Amino acid sequence: MANHFGHGSHIGLVRQCNEDSYACLPEFGLWVIADGMGGHAAGDVASGIAVREIARCIELNQSLPEAIESAHRSILSAAEHDRRLRDMGSTVVALKLTGNRYEIAWVGDSRAYLWNAGLYRLTKDHSYIQMMIDSGVISEIDASAHPHSNVISQALGAGDSLSNQIKVDTVSGELGANDTMLLCSDGLTGELSDQAIAAILSETNENQARTDQLIAAALKAGGKDNVTVIVLTAD
């Protein structure tokens with residue numbers, strides 16, 4: 001099964017550093033986006049470690065969750081050895097394709113969607129807002145305007161509030177001939193609604209054009225964060 005994909009990343013209109021990292025490795029059936037955080041330049045260090053370590057582990061035939069857990073440990077180790085990196089962390093969303101079978105694994109609020117004449121969110125954010133939505137405290141409609149909409153509940157290099165453990169969530173399935181995958185950092189979903197994303201994906205079947213248009217729309221909407229996008233179709 002051949003893969004046709006577009007990819008891109010932009011620093012945005014506000015940030016001084018692009019803390020997103022990503023990799024497209026079709027020879028290993030792997031696509032990854034990591035969104036770093038931390039003081040100084042530590043965010044891009046964390047996301048870079050995440051992407052490189054996940055790629056290394058997949059090349060060694062480890063599973064996607066194992067690769068992400070290894071990336072988590074690598075970020076923790078780097079922070080222990082350099083005080084300047086102590087507060088760094090990263091989200092991650094990764095796609096592994098084997099034939100037409102896909103597995104997605106993630107930590108944090110970077111997302112994966114499936115597009116086929118409609119947009120379906122495959123991941124659930126590890127965020128305090130998502131926890132509030134799940135508990136019925138706040139509605140999905142009101143979530144984007146909440147002042148804590150960008151607060152995540154776990155990240156690589158950080159874990160939860162009580163330990164350094166993370167929970168890697170996964171979802172799997174099979175891609176049909178007309179199915180398209182979208183991976184993105186929250187620089188996209190923080191600016192564009194799912195409806196706006198769907199409208200752009202419906203305009204063309206060319207994945208690099210879709211990628212470029214999604215990033216341009218996020219910038220036009222404010223570009224308050226780094227934005228990274230991968231759009232992939234298997235056929």
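Going by what's in this entry, would Glu103 be described as part of a helix (DSSP H, G or I) and either modelled with pLDDT of 95 or more or surrounded by fewer than 18 Cβ atoms within 10 Å (Cβ to Cβ) (or both)? So Glu103 fails the test. Based on this model, can you work out whether Arg111 counts as of a type in the set (Lys, Arg) and over 30 Å from Ala209 (Cβ atoms)? It is false that Arg111 is of a type in the set (Lys, Arg) and over 30 Å from Ala209 (Cβ atoms).
Taking the criterion of being within 22 Å of Ala234 (Cα to Cα), of a type in the set (Gly, Ala, Ser) and free of Cβ contacts under 8 Å to residues at least 60 places away in the same chain, the only residue of the stretch 28-60 that qualifies is Ala55. Checked against the criteria, Ile166 does not count as among the β-branched types (Val, Ile, Thr) and out of contact with any helix residue (DSSP H, G or I) (no Cβ under 6 Å at 6 or more places or on another chain). Quick check: anything in the stretch 50-68 surrounded by 16 or more Cβ atoms within 10 Å (Cβ to Cβ), part of a helix (DSSP H, G or I), in contact with a helix residue (DSSP H, G or I) (Cβ under 8 Å, 6 or more places away or on another chain) and modelled with pLDDT under 95? The answer is no; no qualifying residue exists. Among the candidates Ser77, Ser9, which residue alone is surrounded by fewer than 24 Cβ atoms within 10 Å (Cβ to Cβ), out of contact with any Ser or Thr (no Cβ under 6 Å at 6 or more places or on another chain) and either under 23 Å from Ala216 (Cβ atoms) or among the hydroxyl-bearing types (Ser, Thr, Tyr) (or both)? The match here is Ser77. Of all the listed residues (Arg84, Arg121), the sole one being touching a His at 6+ places or on another chain (Cβ under 7 Å), loosely packed, with under 15 Cβ neighbours inside 10 Å and charged (D, E, K, R) is Arg84. As for the stretch 132-150, it holds no residue that is modelled with pLDDT of 90 or more, under 29 Å from Lys96 (Cβ atoms) and either of a type in the set (Val, Ile, Thr) or assigned to a loop (DSSP other than H, G, I, E, B) (or both).
A count restricted to the stretch 167-216 and to residues that are polar (S, T, N, Q), part of a helix (DSSP H, G or I) and touching a strand residue (DSSP E or B) at 6+ places or on another chain (Cβ under 9 Å) stands at 5. Under the condition of being within 14 Å of the chain's Cα centre (by Cα), among the charged types (D, E, K, R) and not in a loop (DSSP other than H, G, I, E, B), the residues counted in the stretch 217-229 number 0.
Of the listed requirements (1) in contact with a helix residue (DSSP H, G or I) (Cβ under 7 Å, 6 or more places away or on another chain); (2) surrounded by 20 or more Cβ atoms within 10 Å (Cβ to Cβ), Ala217 misses just one: (2). Candidates in the stretch 73-89 are the residues that are touching a strand residue (DSSP E or B) at 6+ places or on another chain (Cβ under 9 Å) and outside any helix (DSSP H, G or I); of these, the one that is nearest to Ala55 (Cα to Cα) is Gly89. The listed residues are Ala117, Ala112, and the only one of them that is modelled with pLDDT of 75 or more and in a loop (DSSP other than H, G, I, E, B) turns out to be Ala117. The condition (being modelled with pLDDT of 95 or more, hydrophobic (A, V, I, L, M, F, W, C), outside any helix (DSSP H, G or I) and out of contact with any Asp or Glu (no Cβ under 9 Å at 6 or more places or on another chain)) is satisfied by just one residue among Val32, Val92: Val32.
The values are calculated or read from the model by the stated rules, or taken from the named source; none is laboratory data. It should be emphasised that the depicted structure is a prediction, and the values quoted were computed from it without experimental measurement. Positions of Cβ are backbone-derived with ideal geometry, glycine not excepted, and every protein chain shown enters the neighbour counts.
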